[in-house]
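Rule-based calculations on the coordinates, nothing more; no lab input. Small disclaimer: the values here were computed from a predicted structure and weren't measured. Reconstructed Cβ throughout: ideal geometry from the backbone, glycine too, with neighbour counts over all protein chains shown.
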Amino acid sequence: MKAKLILEKDFSVGQVDRRLFASFIEHLGRAVYTGIYEPGHPNSDSNGFRQDVLQLVKELNIPIIRYPGGNFVSGYRWEDGVGPISERPRRLDLAWRTLETNEIGVNEFAAWCRLANSQLMMAVNLGTRGVQDACNLLEYCNIEKGSYYSDLRRSHGATEPHHIKTWCLGNEMDGPWQTGHKTAQEYGRLACETARAMRKIDPDIKLVACGSSVCTMPTFPSWEDEVLTNTYEDVDFLSLHQYFGDRCSNTPDYLAQSIEMDRFIRTVTSVCDYVKAKKRSPKTMYLSFDEWNVWYHSSAEEEDIIKNHPWGVAPKLLEDIYTLEDALVVGTLLITLLNHADRVKMACLAQLVNVIAPIMTVPGGKAWKQTIFEPFFHASQYANGTVLQTASVCEKYDSKNYCDVPYLESTAVWNEPAGEITVFAVNRSLNEPMELACRFDGFGSCRVLEHLQLCGNDLKAVNSAEKAAVTTALGDNGYEENGTCFVPLPAASWNVIRFKTEP
Ligand code: AHR
């Protein structure tokens, strides 16, 4: 099969914000306990942080990490997680039917983020709590000294403020599963008042209001309209959450699901601009896709754990083991986010360790990379610069739920200072290789520097602590003719083609 991509120097979508490669750690399952933190593990430092996990997190070069939830935050009392560890209470976490020991709280997590070279994106509890507690936490984190909560932080050994700049105003408040679930009107008013009070404490913070938990919510997209009508001038971002999965064992359909993410972003952008128009506002609302990933392998088992199991500490929850096929889908989702770089400025791969995660750990044992680690690593590493508008031509197919699905899903990022263009491309065809012709207009000469790829005969192949079955390989660089580069993309493959441009 043949496909064509035409890139023109002066036609761009927007700058890639590094925060597109953000992630998320929730107090859920083994994300924190036996994930990032495991005192006594041979690779842990004196604070109990696993250095092998940190190494992998640093490899992904994650600019900012959302914490501490997720559904967990809607019942969280942050004060439980500060002060002497021996005096911290054990609480029932209603979201995940788990005993929370509170050994890790905001000071420990902020210290861990510094080690990971990441910033912290903190969520406040607007489920069971409200304006006052959000303000107390912000004062505790960001005020230097001389007030009750800033001095309390200092008395806990954190002399310097954490300077947390990005704050989420609750989590998935549209979801009936959320502790303290609210209507759009109730949430919109609360988010607005919380935002206003928080900004009085620290005017430099950036605030994220909750959008819909998934685009199939019955309240979508009127939720967005009502929430923004209440908060438009008081927040900087509106959030989107969505997880994807092959629930019908239908690979062509599964590989097409990024179309759903694309539609979701387009609709939310339209609602933002509708509210902007209603308010005659000059301000543009940006999107934070602060939960996205593939999540379906563990769904049935987790339902059972949450409903029937006794309360326990750090239970095994949401530990999806990802296939090659899942990595291809994650690739298409990354491409979709990049193609909306003008509006989506933050996106969190949910989550980071053990819970629907690219990094897994064995308690007392190894840390290892899942298949989805690879495309996320490539995008974080090479998608620096300007996303170019791509004009593409390729064959299309119809699947169970989607029509006219292009076999080629692609984006291109131009790193002008480095003189490089990176094309990220997925060939969705399960049996036909594709010859991709890339034509570059206005860049001078272009040649392939490197072609990285993920592919294989077994789409269900997975990695484990013992074996890395799905890893990045070098692909064929193809050839150049009359200024066009022809690069072969294997059937069912993720490709990162790095071009060098020379004037
Ligand atoms: O990431 C897992 C859960 O998914 C989060 O706690 C919640 O926000 C979402 O529904």
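Cβ under 14 Å from Ala461's Cβ, Ala461 left aside: what net charge do those residues give with Lys, Arg +1 and Asp, Glu -1?
With Lys, Arg at +1 and Asp, Glu at -1, the net is -2.
Measuring from label point to label point, each 7 Å out along Cα→Cβ, what is the Ala465 to Arg263 span in nm?
The answer from the label model is 4.2 nm.
Report the relative contact order of segment 389-428, percent, no decimals, based on alpha-carbon pairs under 8 angstrom and at least 6 residues apart.
Numbers: 52 pairs, mean separation 13.1, N = 40.
Over segment 389-428, the number comes to 33 percent.
Any chance you could run the full-extension gain for His156 through Arg90? It's 0.36 nm times the residue separation minus the Cα-Cα distance, nm to one decimal.
On the way: separation 66, 0.36 × 66 = 23.76 nm, distance 1.89 nm.
Full-extension gain reported as 21.9 nm.
Taking the Cβ of Lys2 as the centre, find all other residues whose Cβ is under 12 Å away and add up their charges (Lys, Arg: +1; Asp, Glu: -1).
So the surrounding residues net to -2.
With θ set to phi - 60°, apply the Karplus curve 6.51 cos²θ - 1.76 cosθ + 1.60 along segment 85-90 and write out the HN-Hα couplings as whole Hz, x wherever there is a Gly or Pro.
Once θ is set to phi - 60°, the couplings for segment 85-90 become 4, 5, 9, 6, x, 8 Hz.
Do any of Lys182/Lys307; Lys2/Lys500; Lys200/Lys345; Lys206/Lys345; Lys345/Lys396 go past 18 Å between their Cα atoms, and which?
Details: Lys182/Lys307 23 Å; Lys2/Lys500 23 Å; Lys200/Lys345 25 Å; Lys206/Lys345 12 Å; Lys345/Lys396 30 Å.
Beyond 18 Å: Lys182/Lys307; Lys2/Lys500; Lys200/Lys345; Lys345/Lys396.
How fast does the chain diffuse by Stokes-Einstein, in µm²/s, taking the Kirkwood radius from C-alpha pairs at 20 °C and 1.002 mPa s?
Answer, rounded: 91 µm²/s.
In nm, give the distance between the simple-model label positions of Asn457 and Glu59, each being 7 Å from the Cα along the Cα-to-Cβ direction.
Placing both labels 7 Å along Cα→Cβ, they lie 2.7 nm apart.
Between segment 96-155 and segment 396-418, what's the alpha-carbon centroid distance in Å?
Cα centroid to Cα centroid, the span is 40 Å.
Can you check what the net charge comes to around Gln15, using other residues whose Cβ is under 13 Å from the Cβ of Gln15 (Lys, Arg +1; Asp, Glu -1)?
Computed value for this residue: +1.
At a Förster distance of 25 Å, what's the computed FRET efficiency of Lys165 paired with Lys200, Cβ-Cβ distance as r, to 0.05?
With a Förster radius of 25 Å, E is 0.95.
Viscosity 0.890 mPa s, temperature 25 °C: what is the translational diffusion coefficient of segment 418-499 from Stokes-Einstein with a Kirkwood Rh over Cα pairs, rounded to a whole number of µm²/s?
On the way: Rh = 13.7 Å.
Stokes-Einstein gives a translational diffusion coefficient of 178 µm²/s.
Going by amide H atoms built from the backbone, whose H comes under 5 Å of the H on Ser44, apart from near neighbours?
Excluding prolines and chain starts, which carry no amide H, the hits are Gln51.
Less than 24 Å apart at the alpha-carbon level, and either on another chain or at least 8 residues along: which lysines does that give for Lys369?
Lys58, Lys316, Lys460, Lys467
Mind listing which trypsin sites (Lys or Arg not before Pro) in segment 140-243 are in a DSSP loop and have 16 or fewer other Cβ atoms within 10 Å?
Values: sites: Lys145, Arg153, Arg154, Lys165, Lys182, Arg189, Arg196, Arg199, Lys200, Lys206; in loops: Lys145, Lys165, Lys182.
Passing both the DSSP loop test and the Cβ count: Lys145, Lys165.
Calculate the length of the line joining the C-alpha centroid of segment 254-305 to that of segment 431-471, in whole Å.
27 Å
Along the charge dipole of segment 1-46, which of Leu20, Val32, Pro42 sits closest to the positive end, that is, farthest toward it, with unit charges on the beta carbon of Lys, Arg, Asp and Glu (+1, +1, -1, -1)?
Of Leu20, Val32, Pro42, it is Leu20.
At 7 Å along Cα-to-Cβ for each site, give me the label-to-label distance between Leu474 and Glu416 in nm.
Result: 3.2 nm between the two label points.
What ³J(HN,Hα) values, in whole Hz, does the Karplus curve 6.51 cos²θ - 1.76 cosθ + 1.60 give for segment 32-43 when θ = phi - 60°, with x put for Gly and Pro?
Result, ordered by residue: 8, 7, 6, x, 7, 10, 8, x, x, 5, x, 9 Hz.
Please state, as a whole number in µm²/s, the translational diffusion coefficient that the Stokes-Einstein equation yields for segment 155-216 at 4 °C and 1.567 mPa s, with Rh defined as the Kirkwood radius across alpha carbon pairs. Before the final figure, lay out the partial values.
Values: Rh = 13.3 Å.
The Stokes-Einstein estimate is 97 µm²/s.
When you count, for each residue, the other Cβ atoms within 10 Å and take the mean per peptide, how do 343-349, 253-259 rank with the highest first?
343-349, 253-259
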